[in-house]
1. Check Thr185 against each of (1) crowded, with 16+ Cβ neighbours inside 10 Å; (2) within 15 Å of the ligand (Cβ to nearest atom) and name the one condition it does not meet.
2. Give the stretch 161-190 a look and list any residue that's more than 16 Å from Glu135 (Cβ to Cβ) and not charged (D, E, K, R), or say none.
3. Looking only at residues that are more than 12 Å from the ligand (Cβ to nearest atom) and among the aliphatic types (A, V, I, L, M) in the stretch 157-175, which one is surrounded by the fewest Cβ atoms within 10 Å (Cβ to Cβ)?
4. Considering only the stretch 143-155, how many residues are away from the ligand (no atom under 11 Å from the Cβ), part of a strand (DSSP E or B) and touching a strand residue (DSSP E or B) at 6+ places or on another chain (Cβ under 6 Å)?
5. Within the stretch 79-99, identify whether any single residue is farther than 21 Å from Leu224 by Cβ, modelled with pLDDT under 95, β-branched (Val, Ile, Thr) and surrounded by fewer than 16 Cβ atoms within 10 Å (Cβ to Cβ), and answer yes or no.
6. Here are some residues: Thr121, Thr103. Which one is near the ligand (Cβ under 9 Å from one of its atoms) and part of a strand (DSSP E or B)?
7. Starting from residues that are touching a residue at least 24 places away in the same chain (Cβ under 8 Å) and more than 19 Å from Leu165 (Cα to Cα), keep the ones in the stretch 188-209 and report whichever is farthest from the ligand (Cβ to nearest atom).
8. Residue check, Val225 against (1) surrounded by fewer than 18 Cβ atoms within 10 Å (Cβ to Cβ); (2) over 20 Å from His105 (Cα atoms); (3) of a type in the set (A, V, I, L, M); (4) away from the ligand (no atom under 13 Å from the Cβ), all met but one. Which one?
Amino acid sequence: MGRTRRLRPGNACSGVTMIGSGRRNWNMLRAYVPGGPWTRVVGPGSTIGGAESGFAHMPLGHRRESLRSLAMELTPNLVPLSRLVGTWAGDGSGGYPTISPFTYHEEITFAFVGKPFLVYTQRTRGADGTPMHMESGYLRHTGDGHLELVLALPTGQVELAEGSLDADADTLTLELDARVWSTSTAKDVSATRRTYRLSGDTLDTVLDMEAVGESMSRHLESRLVRQG
Ligand code: HEM
(Lines give C-alpha, C1' and ligand atoms only; values in the text may rest on other atoms or scores of the structure.)
Protein backbone atom coordinates (compact mmCIF):
# COMPACT_ATOMS: atom_id res chain seq x y z
CA MET A 1 0.00 0.00 0.00
CA GLY A 2 1.28 3.44 -0.89
CA ARG A 3 1.50 6.36 1.52
CA THR A 4 -1.82 7.97 2.38
CA ARG A 5 -1.92 11.58 1.31
CA ARG A 6 -4.32 14.40 2.00
CA LEU A 7 -5.41 15.99 -1.26
CA ARG A 8 -4.56 19.46 -2.46
CA PRO A 9 -6.91 22.46 -2.55
CA GLY A 10 -9.32 22.63 -5.48
CA ASN A 11 -11.82 25.10 -6.84
CA ALA A 12 -14.89 26.19 -4.94
CA CYS A 13 -18.14 24.71 -6.22
CA SER A 14 -21.12 26.56 -7.62
CA GLY A 15 -24.69 25.94 -8.68
CA VAL A 16 -25.95 24.56 -11.99
CA THR A 17 -29.20 24.16 -13.82
CA MET A 18 -29.61 20.45 -14.35
CA ILE A 19 -32.30 17.92 -14.96
CA GLY A 20 -32.13 14.21 -14.23
CA SER A 21 -34.20 11.82 -16.32
CA GLY A 22 -34.42 8.05 -16.27
CA ARG A 23 -34.32 6.22 -19.60
CA ARG A 24 -33.32 2.60 -19.58
CA ASN A 25 -31.99 2.73 -16.03
CA TRP A 26 -31.75 5.18 -13.15
CA ASN A 27 -28.42 6.59 -14.22
CA MET A 28 -29.08 8.43 -17.40
CA LEU A 29 -28.66 11.95 -16.08
CA ARG A 30 -28.47 14.77 -18.57
CA ALA A 31 -27.05 18.18 -17.89
CA TYR A 32 -28.12 21.44 -19.43
CA VAL A 33 -25.07 23.42 -20.47
CA PRO A 34 -26.16 27.07 -20.75
CA GLY A 35 -25.88 28.20 -24.34
CA GLY A 36 -25.18 24.65 -25.50
CA PRO A 37 -27.08 21.55 -26.49
CA TRP A 38 -28.42 18.90 -24.14
CA THR A 39 -25.41 16.79 -23.39
CA ARG A 40 -24.87 13.36 -21.92
CA VAL A 41 -23.18 13.37 -18.53
CA VAL A 42 -19.43 12.96 -18.77
CA GLY A 43 -18.01 9.92 -16.99
CA PRO A 44 -17.30 6.22 -17.33
CA GLY A 45 -21.06 5.74 -17.00
CA SER A 46 -21.76 7.71 -20.15
CA THR A 47 -19.75 9.37 -22.92
CA ILE A 48 -16.47 7.80 -21.94
CA GLY A 49 -17.69 4.27 -21.84
CA GLY A 50 -20.33 3.34 -19.29
CA ALA A 51 -22.57 0.32 -18.90
CA GLU A 52 -23.99 1.22 -22.32
CA SER A 53 -20.63 1.24 -24.01
CA GLY A 54 -19.37 -1.76 -22.05
CA PHE A 55 -16.97 -0.07 -19.63
CA ALA A 56 -17.34 -2.90 -17.14
CA HIS A 57 -16.28 -5.40 -19.81
CA MET A 58 -13.35 -3.41 -21.19
CA PRO A 59 -9.84 -4.81 -20.87
CA LEU A 60 -8.02 -3.21 -17.92
CA GLY A 61 -5.72 -1.15 -20.16
CA HIS A 62 -8.69 0.39 -21.97
CA ARG A 63 -10.40 1.14 -18.66
CA ARG A 64 -7.31 2.95 -17.38
CA GLU A 65 -7.20 4.95 -20.62
CA SER A 66 -10.90 5.73 -20.24
CA LEU A 67 -10.42 6.97 -16.67
CA ARG A 68 -7.41 9.05 -17.80
CA SER A 69 -9.61 10.70 -20.45
CA LEU A 70 -12.24 11.36 -17.80
CA ALA A 71 -9.68 12.98 -15.50
CA MET A 72 -8.79 15.36 -18.34
CA GLU A 73 -12.44 16.42 -18.66
CA LEU A 74 -13.11 16.91 -14.95
CA THR A 75 -12.73 20.29 -13.33
CA PRO A 76 -9.40 20.33 -11.42
CA ASN A 77 -10.97 20.00 -7.97
CA LEU A 78 -12.71 16.77 -9.05
CA VAL A 79 -9.67 15.01 -10.51
CA PRO A 80 -8.88 13.33 -7.14
CA LEU A 81 -12.42 11.88 -7.26
CA SER A 82 -12.20 10.59 -10.86
CA ARG A 83 -12.05 6.93 -9.72
CA LEU A 84 -15.44 7.40 -8.07
CA VAL A 85 -17.28 8.75 -11.12
CA GLY A 86 -19.67 6.19 -12.58
CA THR A 87 -22.31 3.73 -11.47
CA TRP A 88 -21.94 1.17 -8.68
CA ALA A 89 -24.31 -1.65 -7.75
CA GLY A 90 -24.48 -4.52 -5.29
CA ASP A 91 -26.06 -5.84 -2.12
CA GLY A 92 -26.33 -4.42 1.35
CA SER A 93 -27.61 -5.28 4.80
CA GLY A 94 -29.17 -3.07 7.43
CA GLY A 95 -30.33 -2.96 11.00
CA TYR A 96 -30.65 -0.71 14.05
CA PRO A 97 -31.30 -1.33 17.74
CA THR A 98 -35.00 -0.54 17.18
CA ILE A 99 -35.72 -2.52 13.99
CA SER A 100 -35.36 -6.01 12.48
CA PRO A 101 -32.39 -6.73 10.19
CA PHE A 102 -32.98 -6.46 6.44
CA THR A 103 -31.16 -6.81 3.12
CA TYR A 104 -31.34 -4.71 -0.01
CA HIS A 105 -29.91 -4.16 -3.49
CA GLU A 106 -28.33 -0.75 -4.06
CA GLU A 107 -27.30 1.33 -7.05
CA ILE A 108 -25.29 4.55 -6.70
CA THR A 109 -24.16 6.99 -9.37
CA PHE A 110 -21.61 9.78 -9.04
CA ALA A 111 -22.02 11.82 -12.22
CA PHE A 112 -19.96 14.68 -13.62
CA VAL A 113 -22.21 17.27 -15.27
CA GLY A 114 -19.60 19.76 -16.43
CA LYS A 115 -19.62 21.71 -13.15
CA PRO A 116 -17.17 21.48 -10.21
CA PHE A 117 -19.27 19.02 -8.20
CA LEU A 118 -20.58 15.48 -8.67
CA VAL A 119 -24.29 14.67 -8.76
CA TYR A 120 -25.01 11.75 -6.40
CA THR A 121 -28.06 9.51 -6.79
CA GLN A 122 -28.87 6.35 -4.84
CA ARG A 123 -31.71 3.85 -5.22
CA THR A 124 -32.38 0.65 -3.29
CA ARG A 125 -34.70 -2.31 -3.78
CA GLY A 126 -35.70 -5.31 -1.69
CA ALA A 127 -34.96 -8.89 -2.73
CA ASP A 128 -38.30 -9.02 -4.60
CA GLY A 129 -37.55 -5.79 -6.49
CA THR A 130 -39.77 -3.58 -4.31
CA PRO A 131 -38.40 -0.02 -4.14
CA MET A 132 -36.89 0.85 -0.75
CA HIS A 133 -34.90 3.94 0.28
CA MET A 134 -33.55 6.46 -2.24
CA GLU A 135 -31.67 9.73 -1.90
CA SER A 136 -29.90 12.32 -4.01
CA GLY A 137 -27.56 15.25 -3.64
CA TYR A 138 -24.32 16.95 -4.55
CA LEU A 139 -20.74 16.08 -3.62
CA ARG A 140 -18.35 19.01 -3.45
CA HIS A 141 -14.59 18.80 -3.07
CA THR A 142 -13.75 22.28 -1.88
CA GLY A 143 -10.02 21.88 -1.36
CA ASP A 144 -7.29 20.23 0.67
CA GLY A 145 -9.21 16.95 0.86
CA HIS A 146 -12.24 18.69 2.36
CA LEU A 147 -15.57 17.25 1.19
CA GLU A 148 -19.13 18.49 1.46
CA LEU A 149 -22.20 16.40 0.67
CA VAL A 150 -25.70 17.90 0.61
CA LEU A 151 -28.46 15.29 0.53
CA ALA A 152 -32.26 15.17 0.33
CA LEU A 153 -34.15 12.11 1.60
CA PRO A 154 -37.78 11.32 0.72
CA THR A 155 -38.34 10.22 4.33
CA GLY A 156 -38.27 13.90 5.36
CA GLN A 157 -34.64 14.49 6.22
CA VAL A 158 -31.89 16.64 4.80
CA GLU A 159 -28.24 15.94 5.52
CA LEU A 160 -25.43 18.50 5.53
CA ALA A 161 -22.26 16.44 5.62
CA GLU A 162 -18.62 17.45 5.74
CA GLY A 163 -15.52 15.34 5.91
CA SER A 164 -12.34 14.23 4.29
CA LEU A 165 -10.99 12.59 1.17
CA ASP A 166 -7.90 10.43 1.54
CA ALA A 167 -6.13 8.64 -1.27
CA ASP A 168 -3.30 6.24 -1.78
CA ALA A 169 -2.33 4.19 -4.80
CA ASP A 170 -4.96 1.53 -4.05
CA THR A 171 -7.72 3.14 -2.03
CA LEU A 172 -9.90 6.23 -2.02
CA THR A 173 -11.66 6.89 1.31
CA LEU A 174 -14.42 9.42 1.89
CA GLU A 175 -15.53 10.00 5.49
CA LEU A 176 -18.47 12.31 6.08
CA ASP A 177 -20.22 13.45 9.27
CA ALA A 178 -23.64 15.03 8.81
CA ARG A 179 -25.95 17.20 10.78
CA VAL A 180 -29.45 16.08 9.90
CA TRP A 181 -32.73 17.99 9.97
CA SER A 182 -36.04 16.12 10.02
CA THR A 183 -39.49 17.48 9.14
CA SER A 184 -42.19 17.54 11.81
CA THR A 185 -43.74 14.24 10.64
CA ALA A 186 -40.47 12.40 9.85
CA LYS A 187 -38.62 9.96 12.09
CA ASP A 188 -36.13 12.00 14.09
CA VAL A 189 -32.56 11.67 12.79
CA SER A 190 -29.97 14.05 14.26
CA ALA A 191 -26.67 12.86 12.76
CA THR A 192 -25.15 10.40 10.31
CA ARG A 193 -21.63 9.16 9.65
CA ARG A 194 -20.96 7.83 6.15
CA THR A 195 -17.88 6.06 4.81
CA TYR A 196 -17.25 5.23 1.14
CA ARG A 197 -14.10 3.14 0.57
CA LEU A 198 -13.11 2.47 -3.03
CA SER A 199 -10.54 -0.19 -3.82
CA GLY A 200 -10.15 -1.35 -7.41
CA ASP A 201 -13.65 -1.84 -8.78
CA THR A 202 -15.22 -2.37 -5.33
CA LEU A 203 -16.96 0.37 -3.36
CA ASP A 204 -17.77 -0.40 0.30
CA THR A 205 -20.25 1.88 2.03
CA VAL A 206 -21.18 2.21 5.70
CA LEU A 207 -23.80 4.39 7.37
CA ASP A 208 -24.15 4.94 11.11
CA MET A 209 -26.81 7.23 12.52
CA GLU A 210 -28.11 8.91 15.66
CA ALA A 211 -31.88 8.54 15.41
CA VAL A 212 -35.10 7.96 17.36
CA GLY A 213 -33.28 8.52 20.67
CA GLU A 214 -30.46 6.01 19.99
CA SER A 215 -26.76 6.90 20.09
CA MET A 216 -24.62 6.58 16.92
CA SER A 217 -25.20 2.99 15.71
CA ARG A 218 -24.80 1.02 12.48
CA HIS A 219 -27.77 1.20 10.07
CA LEU A 220 -26.30 0.13 6.71
CA GLU A 221 -23.38 -1.66 5.06
CA SER A 222 -23.08 -2.45 1.36
CA ARG A 223 -20.53 -3.75 -1.13
CA LEU A 224 -20.93 -2.41 -4.66
CA VAL A 225 -19.01 -3.08 -7.86
CA ARG A 226 -18.43 -0.79 -10.80
CA GLN A 227 -21.08 -0.99 -13.51
CA GLY A 228 -19.81 1.82 -15.66
C1 HEM B 1 -29.77 2.00 1.71
C2 HEM B 1 -30.60 2.89 2.22
C3 HEM B 1 -31.60 2.57 3.31
C4 HEM B 1 -32.39 1.48 3.44
C5 HEM B 1 -32.47 0.28 2.50
C6 HEM B 1 -33.14 1.64 4.66
C7 HEM B 1 -34.04 0.74 5.14
C8 HEM B 1 -34.73 0.84 6.33
C9 HEM B 1 -35.68 -0.11 6.83
C10 HEM B 1 -36.08 -1.40 6.11
C11 HEM B 1 -36.14 0.35 8.00
C12 HEM B 1 -37.14 -0.35 8.92
C13 HEM B 1 -38.54 -0.14 8.50
C14 HEM B 1 -38.93 1.30 8.48
O15 HEM B 1 -38.94 1.95 9.54
O16 HEM B 1 -39.19 1.80 7.36
C17 HEM B 1 -35.51 1.60 8.25
C18 HEM B 1 -35.73 2.39 9.33
C19 HEM B 1 -35.17 3.61 9.51
N20 HEM B 1 -34.22 4.22 8.72
FE21 HEM B 1 -33.45 3.50 7.03
N22 HEM B 1 -32.80 2.83 5.24
C23 HEM B 1 -31.88 3.43 4.44
C24 HEM B 1 -31.27 4.65 4.65
C25 HEM B 1 -31.52 5.45 5.71
C26 HEM B 1 -30.90 6.72 5.95
C27 HEM B 1 -29.88 7.37 5.02
C28 HEM B 1 -31.40 7.20 7.12
C29 HEM B 1 -31.11 8.46 7.85
C30 HEM B 1 -30.56 9.54 7.35
C31 HEM B 1 -32.34 6.24 7.60
C32 HEM B 1 -33.08 6.36 8.76
C33 HEM B 1 -33.95 5.44 9.24
C34 HEM B 1 -34.74 5.63 10.45
C35 HEM B 1 -34.75 6.84 11.36
C36 HEM B 1 -35.50 4.48 10.63
C37 HEM B 1 -36.52 4.19 11.72
C38 HEM B 1 -35.94 3.52 12.93
C39 HEM B 1 -37.03 3.27 13.94
O40 HEM B 1 -38.18 3.56 13.68
O41 HEM B 1 -36.71 2.79 15.04
N42 HEM B 1 -32.37 5.17 6.74
N43 HEM B 1 -34.62 1.87 7.22
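1. (1)
2. If the condition is that a residue be more than 16 Å from Glu135 (Cβ to Cβ) and not charged (D, E, K, R), then Gly163, Ser164, Leu165, Ala167, Ala169, Thr171, Leu172, Thr173, Ser184, Thr185, Ser190 are the ones that fit.
3. Top of the filtered list is Ala169.
4. Qualifying residue count, the stretch 143-155: 4.
5. No: the stretch 79-99 contains no residue that is farther than 21 Å from Leu224 by Cβ, modelled with pLDDT under 95, β-branched (Val, Ile, Thr) and surrounded by fewer than 16 Cβ atoms within 10 Å (Cβ to Cβ).
6. After ruling out the rest, the residue left standing is Thr103.
7. That would be Ala191.
8. So Val225 meets the others, but not (2).
The values are calculated or read from the model by the stated rules, or taken from the named source; none is laboratory data. Keep in mind it's a predicted model, so treat the numbers as computed, not measured. Here Cβ is always computed from backbone atoms with ideal geometry, including for glycine, and neighbour counts include all displayed protein chains.
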